[in-house]
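Notes for the one structure printed next.
The values are calculated or read from the model by the stated rules, or taken from the named source; none is laboratory data. Quick caveat, the model's predicted, so the values are computed rather than measured. Cβ placement follows ideal geometry from the backbone for every residue including glycine, while neighbour counts extend to all protein chains displayed.
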Amino acid sequence: MPRIGVDYYPEQWDRSLWEPDAMLMREAGVTVVRLAEFSWSRLEPEEGRFEFGWLDEAVELFGRHGIGVVLGTPTAAPPNWLARRYPDVLPLDSQLHPQYPGVRGHRCYNSPSLNRYAAVIVDKLASRYAHNPSVIGWQTDNEFSLIACHCPSCNDKFRAWLQRKYESLETLNREWGTVVWSGEFGQWSEVTTPLGGSKHLNPSYLLDYNRFQTDSAVAFQQMQVDILREKCPDRWVTHNLWSYPSYLDYYKLCETLDFASFDYYPHTSPDKTETSPYSGALSLDLARGVKRKNFWIMEQLSGSPGCWFPMWRMPYPGYIRAASWQSISRGADAVVHFRWRSALTGAEQFWHGLIDHSNVPGRRFREFRQLADEVNRLAPLLEGTTVRNETAILFSHEQHIALDIQPQASGMNYFENVKTYHKALTKLGIGVDVINWTEPLDGYKLVITPSLYLLDWDTASRLAQFAADGGTLVLMNRTGVKNLNNVCRMEPLPGPLAECAGVTVEEYDPIGGDMHRMTCAGGSSYEALQWADILSPVTAEPIAWYADDYFAGKPAVTLNRYGRGTVCYIGTNPEEAYFIHLFGSLADELGIGRLAGLPEGVQVSCRSKEGAAYLFIFNFTREDKEVNIGREYDSILTGGKAGSVLRVAPYGVEIVKV
């Protein structure tokens, strides 16, 4: 059931404010608060001396007002006494310089001292609140990221990680190709983390180091999860993921959690508001795809962010409400706003909350109250609903890392290209899941695969089988270039997928920022950007050709009938308009439902359960928009009738039962 909440920091406010805040929260419709994720120094001011009285009081207060509490484990900000007494807590960069306390995230996941003392504080918290009825769940740490640490503990554990993977130095040298530049290792002690920070280090080495650091974050979190599961078996555990793109593999990180959570800060400045809601839609679909189930928003935009960068514009009237409903429409079962009140002290003083420093509730707070009222009123209807789609984009943190290690062409970026594919689908009114590239594909009709630069035969066989069984598979350029150890394949591209694609790459040209064009069979012309695979069809048929340069007239896009399905290969990175044309045609051919003719800036999403489906319509622009939804529907937001042509106000929201 969707819930509305706020992030609150009782340790930062005088106790005289706690009761009035809780009362105002209850009146405003708040049903959940997150507490304590940065409070280690207050919970354990000295080693072994614990002070939980203030947190007991806060938890009891919110419980008394009927507000559920999510407790955060405070391990993202170790206290000064811990870093001073046990300096192995601090991560070392590639130049062996320590990261000092004073910001946050100053901890190495592999530090013996951090793990020992983190286990103690988590155990103390879990034991104390295990049976407290006001505590509904737990958040581990805060916004885990991939920390490129080079301390002695990381060196020892990285070496052990490699020994488990490769078993022998001979195998490691062969699989990495260390013979290049006389990089062969003669004994295990020579193997270290990639010191120095050079971009010219062996790419297989760098990819494995990033994988190791993901596993380190996963292990550090799992230590906490194990404690929470043992002490609080009837409470859920989640983690609040930071923004995309991320080198940290969120799929691995969330594997043992009950559900994923995400921190959502759509950009508010005018030069960003045209694209930000589309990027936000992708981020929300990615968050849902982490566990392939509904998720939480643990931090939602409440005002202008700013601190270590100039402040953004304040959210336009309606923006906070629209972005929150957008989160719910794409699978969020709770939206927790950051934060209740703007901080008076510290680095985030100007990362604005719902209430400004004046402590006088204003426009943004009134908008939040309207949102909370709507969500609480509609929660029973939306309970049990999920997002179900027939189209998927396969996403991979590893592909993103590998392509960042060795950029393929000027301006060519894995995540930015994913944005283009997703934005085209969103503009077409096609719902899409964004899931891990290793996930099963049952139930999908259309699957889009951003550059599968790293590719093994098992994955290739699974994708080919999806097409053979009747699915439509869209492959992008730079597919099949390397194996999973980041080593180039000695075979024509797209490597293991060449047969099902029915085409091979005769030659390629990293065109970067040079402008090229391609034409389609009907005569329409589109920009061809970043890359140009010059294609040699085997069983595939060309459906677009390059219009200029030495490869003019050569195929740029092909379509191959494979088994009962279809494989499309796109050899360049066309402009968005081409993807709208192609994906729309493929969706119509496959019978994938969509709301055609959406105006620019208008988005739709659907949540459903057996016997009921609810369509959410958003106008993320500053002018009225008309949306044709085909026939008259019941509006569950207003209780009235929604005509077949809706007029949606700037940052307006409509929800209809379909």
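Among the residues in segment 457-464, are any touching a residue at least 40 places away in the same chain (Cβ under 8 Å) and in a loop (DSSP other than H, G, I, E, B)?
No, every residue in segment 457-464 fails to be touching a residue at least 40 places away in the same chain (Cβ under 8 Å) and in a loop (DSSP other than H, G, I, E, B).
Scan segment 335-349 for residues that are of a type in the set (A, V, I, L, M), in a loop (DSSP other than H, G, I, E, B) and touching a helix residue (DSSP H, G or I) at 6+ places or on another chain (Cβ under 7 Å) and jot them down. Before you say what the answer is, go through the steps one by one.
Let us first name the residues in segment 335-349 that are of a type in the set (A, V, I, L, M), namely 335-336, 343-344, 347.
Then keep just the ones that are in a loop (DSSP other than H, G, I, E, B); that gives 343-344, 347.
Residue satisfying the conditions is ALA343 alone.
In the set SER182, SER189, SER145, which member is of a type in the set (Gly, Ala, Ser) and within 30 Å of GLY68 (Cα to Cα)? Break it down into steps so the answer makes sense when it comes.
Details: SER182 fails: within 30 Å of GLY68 (Cα to Cα); SER189 fails: within 30 Å of GLY68 (Cα to Cα).
Answer to the check: SER145.
Report, ordered by the first and then the second residue, all pairs with beta carbons closer than 7 Å, sequence separation of six or more or different chains, a first member in segment 337-359 that is at positive phi, and a second member that is at pLDDT 95 or above and of a type in the set (D, E, K, R).
Taking only residues 6 or more apart or on different chains, the pairs are ASN359/ARG341.
Just a yes or no: is a residue in segment 357-367 of a type outside the set (Asp, Glu), within 24 Å of the chain's Cα centre (by Cα) and part of a helix (DSSP H, G or I)? So that I can check it myself, show each step before the final result.
Kept after step one, since they are of a type outside the set (Asp, Glu), are these residues of segment 357-367: 357-366.
Now narrow it down to the ones that are within 24 Å of the chain's Cα centre (by Cα): none.
No.
Testing GLY571 on (1) of a type outside the set (Lys, Arg); (2) without any contact (Cβ under 8 Å) to a residue 40 or more places away in the chain; (3) within 20 Å of LEU497 (Cβ to Cβ), one condition comes back false. Which one is that?
It is condition (2) that GLY571 fails.
Quick grid of which residues meet (1) among the aliphatic types (A, V, I, L, M); (2) under 29 Å from the mean Cα position of the chain (by Cα); (3) within 30 Å of GLU506 (Cα to Cα):
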position	(1), (2), (3)
GLY563	no, no, yes
ILE570	yes, yes, yes
HIS581	no, yes, yes
ALA587	yes, yes, yes
PRO599	no, yes, no
LEU615	yes, yes, no
THR621	no, yes, no
ALA642	yes, no, no
GLU654	no, yes, no
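Among what's in segment 411-456 and is out of contact with any strand residue (DSSP E or B) (no Cβ under 7 Å at 6 or more places or on another chain) and assigned to a helix (DSSP H, G or I), pick the residue that is surrounded by the fewest Cβ atoms within 10 Å (Cβ to Cβ).
GLU416
For segment 296-315, which positions are of a type in the set (Phe, Trp, Tyr), buried (at least 16 other Cβ atoms within 10 Å of the Cβ) and not in a strand (DSSP E or B)?
Within segment 296-315, the first condition is being of a type in the set (Phe, Trp, Tyr), and the residues that meet it are 296, 308-309, 312.
Imposing the further condition that a residue be buried (at least 16 other Cβ atoms within 10 Å of the Cβ) reduces the set to 296, 312.
Once the filter is applied, which keeps residues that are of a type in the set (Phe, Trp, Tyr), buried (at least 16 other Cβ atoms within 10 Å of the Cβ) and not in a strand (DSSP E or B), segment 296-315 yields only TRP312.
Which residue pairs have Cβ atoms under 6 Å apart, sit 6 or more places apart or on different chains, and have a first residue in segment 398-422 that is at negative phi and in contact (Cβ under 8 Å) with a residue 40 or more places away in the chain and a second that is in a loop (DSSP other than H, G, I, E, B) and surrounded by fewer than 19 Cβ atoms within 10 Å (Cβ to Cβ)?
HIS400/PRO245; ILE401/TYR247; PHE415/PRO245
Would you be able to tell me the number of residues in segment 627-657 that are touching a residue at least 60 places away in the same chain (Cβ under 8 Å) and under 15 Å from SER329 (Cα atoms)?
Taking segment 627-657 first, the residues touching a residue at least 60 places away in the same chain (Cβ under 8 Å) are 636-637, 649-653, 655.
Restricting the remaining residues to those that are under 15 Å from SER329 (Cα atoms) gives 636-637, 651-653, 655.
Result for segment 627-657: 6.
When the residues of segment 513-549 are filtered to those that are of a type in the set (S, T, N, Q) and not in a strand (DSSP E or B), which remaining residue is nearest to ASN413 (Cα to Cα)?
Keep residues of segment 513-549 that are of a type in the set (S, T, N, Q), which gives 519, 524-525, 530, 536, 539.
Those left that are additionally not in a strand (DSSP E or B): 524, 539.
On the way: SER524: 26, THR539: 30 Å.
It comes out as SER524.
In segment 185-240, what residues are among the acidic types (Asp, Glu), outside the structural domain of ALA118 (by TED's automatic domain parsing) and surrounded by fewer than 20 Cβ atoms within 10 Å (Cβ to Cβ)?
Pass one, segment 185-240, residues among the acidic types (Asp, Glu): 190, 208, 215, 226, 230, 234.
From the residues that got through so far, the ones that are outside the structural domain of ALA118 (by TED's automatic domain parsing) too are 190, 208, 215.
Listed by number, the residues that qualify are GLU190, ASP215.
List every residue pair whose Cβ atoms sit under 8 Å apart, with the two residues 6 or more apart in sequence or on different chains, where the first one lies in segment 54-79 and is in contact (Cβ under 8 Å) with a residue 40 or more places away in the chain and of a type in the set (D, E, K, R) and the second, anywhere, is surrounded by 18 or more Cβ atoms within 10 Å (Cβ to Cβ) and in a loop (DSSP other than H, G, I, E, B).
GLU60/SER134
Report, by residue number, each residue of segment 607-628 that is buried (at least 19 other Cβ atoms within 10 Å of the Cβ) and not polar (S, T, N, Q).
Across segment 607-628, the qualifying residues are ARG607, TYR614, LEU615, PHE616, ILE617, PHE618, PHE620, LYS625, VAL627.
Going through ASP285, ASP263 one at a time, which residue ends up being among the acidic types (Asp, Glu), in a helix (DSSP H, G or I), under 29 Å from ASP215 (Cα atoms) and modelled with pLDDT of 95 or more?
Values: ASP263 fails: in a helix (DSSP H, G or I).
Testing whether each residue is among the acidic types (Asp, Glu), in a helix (DSSP H, G or I), under 29 Å from ASP215 (Cα atoms) and modelled with pLDDT of 95 or more leaves just ASP285.
Got a sec? Which strands (runs of 3 or more DSSP E) wholly within segment 550-658 have at least 1 residues that are among the aromatic types (Phe, Trp, Tyr)?
Details: elements: 555-562, 565-570, 572-574, 602-609, 612-619, 625-628, 633-635, 645-648, 653-657.
By residue number, 555-562, 565-570, 612-619, 633-635.
Can you name the residue in segment 98-120 that is surrounded by fewer than 23 Cβ atoms within 10 Å (Cβ to Cβ) and hydrophobic (A, V, I, L, M, F, W, C) and, of all such residues, is farthest from the chain's Cα centre (by Cα)? Steps first, answer last, please.
Within segment 98-120, the first condition is being surrounded by fewer than 23 Cβ atoms within 10 Å (Cβ to Cβ), and the residues that meet it are 98-106, 112-113, 115-116, 119-120.
In the following step, the residues that additionally are hydrophobic (A, V, I, L, M, F, W, C) were identified as 103, 119-120.
On the way: VAL103: 23, ALA119: 27, VAL120: 30 Å.
Filtering segment 98-120 for residues that are surrounded by fewer than 23 Cβ atoms within 10 Å (Cβ to Cβ) and hydrophobic (A, V, I, L, M, F, W, C), the one farthest from the chain's Cα centre (by Cα) comes out as VAL120.
Any residue that is crowded, with 18+ Cβ neighbours inside 10 Å, over 29 Å from ALA287 (Cα atoms) and either in contact with a Cys (Cβ under 6 Å, 6 or more places away or on another chain) or among the acidic types (Asp, Glu) (or both) - is there at least one of those in segment 121-144?
The answer is no; no qualifying residue exists.
When segment 135-171 is examined, which residues are found to be assigned to a loop (DSSP other than H, G, I, E, B) and in contact (Cβ under 8 Å) with a residue 60 or more places away in the chain?
Hits for segment 135-171 are THR140, ASP141, ASN142, GLU143, PHE144, SER145, LEU146, ILE147, ALA148, CYS149, CYS151.
Got at least one residue in segment 377-384 being closer than 28 Å to ALA528 by Cβ and not in a helix (DSSP H, G or I)?
Taking segment 377-384 and keeping what is closer than 28 Å to ALA528 by Cβ, we get none.
Scanning segment 377-384 turns up no residue that is closer than 28 Å to ALA528 by Cβ and not in a helix (DSSP H, G or I).
Does segment 440-447 include one or more residues that are over 30 Å from GLY331 (Cβ atoms) and within 24 Å of the chain's Cα centre (by Cα)?
Taking segment 440-447 first, the residues over 30 Å from GLY331 (Cβ atoms) are none.
No.
Can you tell me which condition GLU491 does not meet? The list is (1) over 30 Å from ASN173 (Cα atoms); (2) surrounded by fewer than 16 Cβ atoms within 10 Å (Cβ to Cβ); (3) out of contact with any Lys or Arg (no Cβ under 7 Å at 6 or more places or on another chain), and all the others hold.
(1)
Here's a check for you: in segment 261-280, which residue that is of a type outside the set (Ser, Thr, Tyr) and under 10 Å from the mean Cα position of the chain (by Cα) is farthest from ASN294 (Cα to Cα)? Steps first, please.
Of all residues in segment 261-280, those of a type outside the set (Ser, Thr, Tyr) come to 262-263, 266-267, 270-272, 274, 277, 280.
The next check asks that each one be under 10 Å from the mean Cα position of the chain (by Cα); those that pass are 262-263, 280.
Working: PHE262: 11, ASP263: 14, GLY280: 16 Å.
Ranking the candidates gives GLY280 first.
Going by what's in this entry, would PRO510 be described as part of a helix (DSSP H, G or I) and either farther than 18 Å from THR566 by Cβ or of a type in the set (Ser, Thr, Tyr) (or both)?
Numbers: part of a helix (DSSP H, G or I): no; either farther than 18 Å from THR566 by Cβ or of a type in the set (Ser, Thr, Tyr) (or both): yes.
No: the conditions fail for PRO510.
Looking at ALA424, is it more than 24 Å from TYR278 (Cα to Cα) and modelled with pLDDT of 95 or more? Talk me through it step by step, then tell me what you get.
Numbers: more than 24 Å from TYR278 (Cα to Cα): no; modelled with pLDDT of 95 or more: yes.
No.
Are there any pairs, at least 6 apart or on different chains, whose C-beta atoms fall under 8 Å, with the first in segment 296-316 and at positive phi and the second part of a strand (DSSP E or B) and surrounded by fewer than 24 Cβ atoms within 10 Å (Cβ to Cβ), and if so, which?
Correct list of pairs: empty, since none qualify.
With the structure loaded, tell me whether LEU195 is within 22 Å of TYR109 (Cβ to Cβ) and free of Cβ contacts under 8 Å to residues at least 12 places away in the same chain or whether it fails that test. It would help to see each step written out before you state the result.
Working: within 22 Å of TYR109 (Cβ to Cβ): yes; free of Cβ contacts under 8 Å to residues at least 12 places away in the same chain: no.
In short, no.
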